[in-house]
1. Enumerate the lysines that Lys30 could reach by cross-link, defined here as Cα to Cα under 20 Å, with residues fewer than 8 away along the same chain left out.
2. With +1 on each Lys and Arg Cβ and -1 on each Asp and Glu Cβ, how big is the dipole of region 43-85 about its Cα centre, in debye rounded to the nearest 20?
Amino acid sequence: MQSHYTAHSVHVRSRDVYAIVSSMGTDWTKIQSKYGGLWVALAEDEKTVLASGGSAKDAYDKARKGGHEDPILTRMPEALTAYVGSGYEV
């Protein structure tokens, strides 16, 4: 089984955009299999999908309409791929 872990997401609070960097990854494999290629609005637990849409604004607006003030927004990749490396040249 291939897993997809993330270490960052975008948290929208009012009109400001903040990047949240976590030291621990979250397994979004199940979320990706259902919402691949879409933007999703997540609850604070980063596991509960509040809304989804074709754009960050769509997902955000749907989550707000559902009564969620500060959803975490991220785009799910269309396909899971492995990444090995740090981005630094050795």
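1. Lys47
2. Details: 6 positive and 8 negative charges, 35 e Å.
Dipole size: approximately 160 debye.
Readers should treat all values here as calculations from the given coordinates under stated rules, not as data from a laboratory. All values derive from a computational prediction rather than experimental measurement. Cβ coordinates were reconstructed from backbone atoms using ideal geometry, including for glycine residues, and neighbour counts include every protein chain displayed.
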